[in-house]
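All of the numbers you see were taken from the coordinates with simple rules; none came from a lab. Keep in mind it's a predicted model, so treat the numbers as computed, not measured. Note that each Cβ is placed from the backbone with ideal geometry, even for glycine, and that neighbours are counted across all protein chains shown.
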Amino acid sequence: FNASLLPSVSTRSSTDVPDKLYNLEIRQYDASGNHLTGKDYGTVDIGKSLEVTLQEADDCQLVLVARGSGPAVSALETKTLEAVQSMIVNSSVINAITPSVANSMNAMPYVLHLKHVKVSTVNGVPVIQSPDGSYDARLMLKRLAMRLTVTWNYKVAGYKLKQLLIQSVPMNYAIVDKPDTDGTYPSIVSQFTTLAIPISEDDASKGEGSYSCWVPANVRGESAAATTEIQRTKANAPVGSTFFNFVAVNDADAKKKLDYRVYIGSGASTDFNMYRNKDYAYTVNFEHIGIPTGDNRVTYIDPIPASENNDNLVPTANCFMVEPGGAFCFDPFAYQQQGATITNSTLKSWCSSTSGIKSVRVLWQTKENGDVGDPVLGIMNATDDHANIVDIKTADGNTFTGPAYDINQCRIYCRVASNTTGGNGAIAAYDGENGTGNIIWSWHIWVTDYTPDCTGGEQILEPVNKRKLRFTYGNSDVLPVMDRNLGAMVGYVDMVPTSYRDMSKANGLHYQWGRKDPFPSSYTEKEIVMIDNKNSSTPPEGMQNRYGADGITYVVNDGRMDLMNLRGVCQNPTVFYAKKGQITGGITTGIGPEWTTEMGSAVWGDTKTVWDPCPAGWRVASKTDMGAIILSGKNVSNDATKSKDGGYLVYYEAKGSGHTSYFRFTGYGRYFNTFVQIGSLCTVWSCTGESTTKGYSAARLFMDGDYDAIPMYKSDAHTIRCIQERE
């Protein structure tokens, strides 16, 4: 198995370049990125001189953009350079360009960004120079997109190529790149996607094929550990590096697969950079006998059912914590309260001898790092076969024929992927065969190596994966709480995250008050006042995305301005419900406050209820439990750096002293289709209800200084901190 990056082609045919510079716009900025001057010069002939008016400056920036003949790029106008860096390019226009078709390249944008320019008058003639006084009037614009081509030849006995995935592809083009401090771009918390390329039966039979496409630049840096091509593995590649993922299936058993990875780079084996204006052409040859166990670029997949070799029976809760690669089983009709097993009478009442649980499926899952990395539950065997991740058996371990409608009748088994660092997912039980019919109940799977003990009254700071905190300021009898939000990958004590990726990993999940089902949080480096297309059919910018059992299909953040009874809501655990609000000026706001017609029955409390979303042994903390973080007003150690830190470090043991816990400015879900105040507000639910329509936040922490706990609509979705049920 070898992959070769072909040498760059030294010349291009006439169809590879535009015949003119279409919609040429030249903008001048000062060193800080403020707009100085510039204009749109329209369509300019290549090779002709062009007079440009600029302001004299010792150190300024120039951006030249030929926006192309199509609508790929809107006008820059007088925006700041930072605003230009945030502009969205219409990727579909670029993706439709076919170089072999005459004049097709005219739609391609071309860009040049000169970061340090001196504009001065020399011998009466205005010129642009480098800051040291040298200059060269020849300016070459660069094609916005890179061209990626792969040709393969598969000659492995007993296997056929069935799928080609191009993984970790930036979703959006940037007109002007915005490198991180380490020189990489785009930001690892920006949006990425997977290109799924079907391999035809004819190509699979021949064992050869080719594919070519345009993609944005993805500059991820270098890895000294990748000393040879064979060392270009996931373990050695920088997070977010783009790669070809070839999947071959066994001729005799389609569940058995060979998974190959080919990381893309610009030359040496240590290089994982893909730059704009370049052509990357790969030839990949597969010709081996048996399974290449010595090559870590290849994974042999021979899945077993989640029920096999899995006798790890755990207490039932609406959330299960499991380490990567871990497995467990549970009774779906039970739940734990104060260490005692109790029948889930609500679920039991919804089931009968004919409409009980008949099958189980993966509902959704995240990836390790936003849109990049592997799916945390795993990849299903097939569309109608999720048994390698979630399976069901009778209570005594025999084949399940269903239905189950009472305690001790069945066991649901789950096994999560071992090749991830963790994330979140959900599984569901259905009243029909093979995942058909209605969802009866669903469970959140928190894949994490965080395993705090749910008993014991002491604060634990080390080791980090066992850490739990006592918020004793004003309440010395309080039990320990988790050091992180429910569903978060990291928690911070006495320190703040140093990257936007780590800030986003501290977010956790969001919950409507009294509801067991989680919703995704924000995932971005930007401060966003409002995402108003949260439930669009394509991933909205700024939100963490969820994926299906294939790890590719986007699961929509569905929202409905409607109410259903609790059974109806549980049948739709991915839908964000909010009651129709007041009509003002002909516009229905949809602000809630309810999310079900049975708000009085959907409750959290000091005693754990069947709706509590926390793992066994834990419950949602009350307003009193979390009182330390709002006592005596703002009590933080990082007020001066809160914006850069993306959240507050809150003292929880005393006023202005003791340890601090990090609370991320996640924003929150409001209305049926919006997510608001990302980067400026942290809200944490308490289990304390104020009325039928409102519950108390344990804290509402505004970056601008507001710092309180107030009643908020129960239809709003906030983060949660779990507290021990008992000592």
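Label-to-label distance for residue 100 and residue 601 is 6.2 nm, based on points extended 7 Å past Cα in the beta-carbon direction.
About its Cα centre, the dipole of region 145-301 is roughly 180 debye, where the only charges are +1 on Lys and Arg Cβ and -1 on Asp and Glu Cβ. Tally Lys and Arg at +1 and Asp and Glu at -1 over the other residues with C-beta under 15 Å from the C-beta of residue 73: what net charge comes out? That works out to +2.
Annotation for region 514-564 versus region 459-481: alpha-carbon center distance of 32 Å. A dipole drawn for the chain from +1 and -1 charges on Cβ atoms has a positive end, and of 537, 427, 635 the residue lying farthest that way is 537.
Here the contact order of the chain, divided by its residue count and restricted to Cα pairs under 8 Å and six or more residues apart, works out to 10 percent. For the peptides 527-538, 170-181, the ranking by packing is 170-181, 527-538, with the highest mean count of neighbouring Cβ atoms within 10 Å listed first.
Fully extending the segment from residue 567 to residue 706 would add 46.3 nm, taking 0.36 nm per residue of separation and subtracting the current Cα-Cα distance.
The distance from the alpha carbon centre of region 214-282 to that of region 115-174 is 19 Å, rounded to a whole number. Note on residue 499 and residue 50: the extension gain reaches 157.3 nm, defined as 0.36 nm multiplied by sequence separation minus the Cα-Cα distance. Measuring between their Cα centroids, region 26-93 and region 373-389 lie 46 Å from each other.
Rounded to the nearest 20 debye, the dipole magnitude of region 464-724 is 340 debye, with +1 charges on Lys and Arg beta carbons, -1 on Asp and Glu beta carbons, and the Cα centre as origin. Computed 3J(HN,Hα) for region 436-444, one whole-Hz value per residue from the Karplus formula 6.51 cos²θ - 1.76 cosθ + 1.60 where θ = phi - 60°, is 9, x, 9, 5, 9, 7, 9, 10, 7, glycine and proline marked x. When the chain is described by a simple charge dipole with +1 on each Lys and Arg Cβ and -1 on each Asp and Glu Cβ, the residue from 341, 455, 55 located farthest towards its positive end is 55. Dipole of region 145-301 computed with +1 at Lys/Arg Cβ and -1 at Asp/Glu Cβ about the Cα centre; of 264, 146, 246, farthest Cα towards the positive end is 246.
Note on region 1-142: along the principal axes its Cα atoms extend 55, 36, 30 Å, ordered by decreasing extent. Straight Cα distances below 29 angstrom link residue 348 to the lysines 358, 393, 516, 579, 608, 694, 714, with same-chain residues fewer than 8 positions distant left out.
Beta bridges assigned by DSSP with both partners in the chain are antiparallel in approximately 90 percent of cases. Label positions at residue 655 and residue 206, each projected 7 Å from the Cα along the C-beta direction, are separated by 7.9 nm.
Take the Cα of residue 140, go 7 Å toward its beta carbon, and the backbone nitrogen atoms of region 94-129 under 20 Å from that spot belong to 105-106, 108-117, 128-129. For the peptides 43-50, 210-217, 709-716, residues were scored by their other Cβ atoms within 10 Å and the scores averaged per peptide; the highest-first order is 709-716, 210-217, 43-50. The charge dipole of the chain, taken about the Cα centre with unit charges on the Cβ atoms of Lys, Arg (+1) and Asp, Glu (-1), comes to about 600 debye, rounded to the nearest 20. Beta bridges from DSSP with both residues in region 145-301: antiparallel share about 80 percent, rounded to the nearest 5. If R0 is 56 Å, the Cβ-Cβ spacing of residue 311 and residue 279 corresponds to a FRET efficiency of close to 0.55.
If the chain linking residue 527 and residue 121 were pulled fully straight, counting 0.36 nm for each residue of separation and taking away their Cα-Cα distance, it would gain 142.0 nm.
Peptides 690-700, 557-567, ordered by how many other C-beta atoms sit within 10 Å of their residues on average, highest first, read 690-700, 557-567.
Under the simplified labelling scheme, the residue 266-residue 157 pair shows an inter-label distance of 4.4 nm, with each label point 7 Å from Cα along Cα→Cβ.
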